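Read through the structure below, which is laid out as structure tokens, and then see the notes.
Taken together, the values in this text are just the output of simple stated rules run on the coordinates, not laboratory data. Keep in mind the model is a prediction, meaning the values are calculated, not measured. Every residue, glycine among them, receives a Cβ derived from its backbone with ideal geometry; neighbour counts consider all protein chains shown.
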Amino acid sequence: MKNTNTKNVTLKNVIREYVSPDKKTFRAVNDISLEIHSGEFVTLLGPSGCGKTTTLRMIAGFENPTSGDVFIGDENVTAVTPDNRDTAMVFQSYALFPHYDVFNNISFGLRLRKLKEDEINKRTKEIMELVGLKGLGERLPNQLSGGQQQRVALARALVVEPGVLLFDEPLSNLDAKLRVSMRNEIKRIQRRLGITSIYVTHDQSEAMALSDRVIVMNKGVIEQIGTPNEIYSHPASVFVADFIGRSNFIECKVRSVGEGVTTVDMYGKTLEIQDTAWQNRTAGQTVTVMARPESVRLADQGVFKTHINSSIFMGAMQEYICDTDGMQIIVEDYDYAQHKAYSEGEDVYVAFKENTLHII
Ligand code: ADP
């Protein structure tokens, strides 16, 4: 059941301005250009107010860019109304018709398109089976759980076989466990159909779990576009590193630069760090080195000394919060059963697992 109609999406220098209550013009989306490939699952990720929803709504046609162009497939749709764009949106609020049963909610778009009755029946039943709603066709929305209502909303968007599927924080109203199982369902269905999907969320784990590529936004601009692994392991900025998981940031001086390697001075110790941006470094410069908490080890020997302020058992790991000259170091030890545990108040050394440091 592949969707053969799936399309790519291109934004070219898209700007969206609003007038704030004090009559000042500000840019909610500030000159965004990007290309989403056909069949790709992309999330727009960032804190509240960074312009994700506005970007999604401009792709759907619910908002118009102040300037710039939106393409769906090869067509410039900037001036095309939402109903004439080849997109379907799954909303956070589900937006189901309360007096229609599940079957009629899902088949609504097919009736609008005036398909034959037996075609409507066939396609609606297929989609209901795909999203796990088989046998629930005659229920009204208020006789469904939140998760089931979200499945109806998803089925209703899928049944019209749109070129692009848009999701506006669709899982926000579900509890934590259901969110995880629904996101796995969405991923499974998207893979099966191969449909281009653009998904707005402020939840980094949701973005990591779902996406082929993540677009991290901040204050109306794109901070970084990359696979979940790229943005986690090689964040382009402190903002991205901080937003995607927890991080330690350590200021260091560059000692020397070689091909693919930058050598830094970290608290008097010399460390070689693999560095794809080595050409941008110069000796003497101050750089920020990022170490993920799971890449840090506490040991009797190491790079620099630290003081353990707290040592907390979290089940899957032992977490240490340490302090070195006012700089906080977070350590997550997932192998705590394998080696020595340290206690609050101890002075120990910080060491790093091999090839895990990254210069921002
Ligand atoms: P996000 O989805 O990342 O939370 P939005 O795209 O909804 O962010 O909003 C980006 C910015 O634009 C916010 O500062 C928001 O208050 C503002 N904004 C969004 N819609 C409007 C509007 N219709 N009128 C004025 N300001 C708006």
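Could you order the peptides 15-27, 132-144, 159-171 from most to least packed, using the average number of other C-beta atoms within 10 Å per residue?
So the peptides 15-27, 132-144, 159-171, ranked by packing, come out 159-171, 132-144, 15-27.
Using a ≥ b ≥ c from the Cα gyration tensor of segment 10-150 (square roots of the eigenvalues), is it rounded, prolate or oblate, where a/c under 1.5 gives rounded and otherwise the larger of a/b and b/c decides, a/b for prolate?
On the way: a/c = 2.42, a/b = 1.83, b/c = 1.32.
Note, shape of segment 10-150 comes out prolate.
Taking a ≥ b ≥ c as the square roots of the eigenvalues of the Cα gyration tensor of the chain, is the shape rounded (a/c under 1.5), prolate (a/b larger than b/c) or oblate?
prolate
What list do you get for T66, T10 if you sort them by fewest beta carbons within 10 Å?
In increasing order of surrounding Cβ atoms, one gets T66, T10.
Can you tell me which of 96-107, 256-267 comes out highest on packing, and rank the rest after it, using the mean Cβ neighbours within 10 Å? Please list the in-between numbers first.
Numbers: 96-107: 18.7, 256-267: 16.1.
Averaged packing, sorted descending, gives the order 96-107, 256-267.
Starting from the Cα-Cα distance between S93 and A79, subtract it from 0.36 nm times their residue separation and give me the gain in nm to one decimal.
2.4 nm
If the cut-off is 20 Å between C-alpha atoms, which aspartates and glutamates fall inside it for K177, apart from same-chain ones fewer than 8 positions away?
Candidates past the 8-residue exclusion: D168, E169, E185, D203, E206.
Which value results for Rg/Rh of segment 202-306 when Rg is the Cα radius of gyration and Rh the Kirkwood radius based on the inverse mean 1/r?
Radius of gyration over Kirkwood radius for segment 202-306 works out to 1.01.
Please determine, in degrees from 0 to 90 and to the nearest 10, the orientation of helix 102-112 with respect to the longest principal axis defined by the Cα atoms of the chain, where the helix direction is its Cα long axis.
Its long axis makes an angle of about 70 degrees.
For a 29 Å ceiling on Cα separation, which of these pairs sit above it: K219/K269; K269/K340; K134/K187; K7/K114? It would help to have the intermediate numbers written out before the result.
Values: K219/K269 37 Å; K269/K340 24 Å; K134/K187 19 Å; K7/K114 23 Å.
Pairs exceeding 29 Å: K219/K269.
Would you mind checking the radius of gyration and Dmax of segment 247-359 based on alpha-carbon positions, in Å?
14.6, 43
Just to verify a number: FRET efficiency for T25 and M317, C-beta to C-beta distance, R0 = 51 Å, to 0.05?
After rounding to 0.05, the efficiency reads 0.60.
Using only the alpha carbons of segment 108-251, determine the length spanned along each of the three principal axes and report them from longest to shortest in whole angstroms.
66, 29, 25
Using Cα pairs under 8 angstrom and six or more residues apart, how large is the relative contact order of the chain, in percent?
Once divided by the residue count of the chain, the mean separation gives 16 percent.
I'd like the FRET efficiency for S237 and T66, computed as 1/(1 + (r/R0)^6) with the beta carbon distance as r and R0 of 35 Å, rounded to 0.05.
For S237 and T66, the calculated efficiency is 0.85.
For N280 paired with D325, estimate the spin-label separation in nm (one decimal), with each label point 7 Å from Cα along the Cα-to-Cβ line.
Each label point is offset 7 Å from its Cα along the Cβ direction, giving 2.5 nm.
Taking a ≥ b ≥ c as the square roots of the Cα gyration tensor eigenvalues, with a/c under 1.5 meaning rounded and otherwise prolate when a/b beats b/c, else oblate, which class fits segment 315-360?
Note, shape of segment 315-360 comes out oblate.
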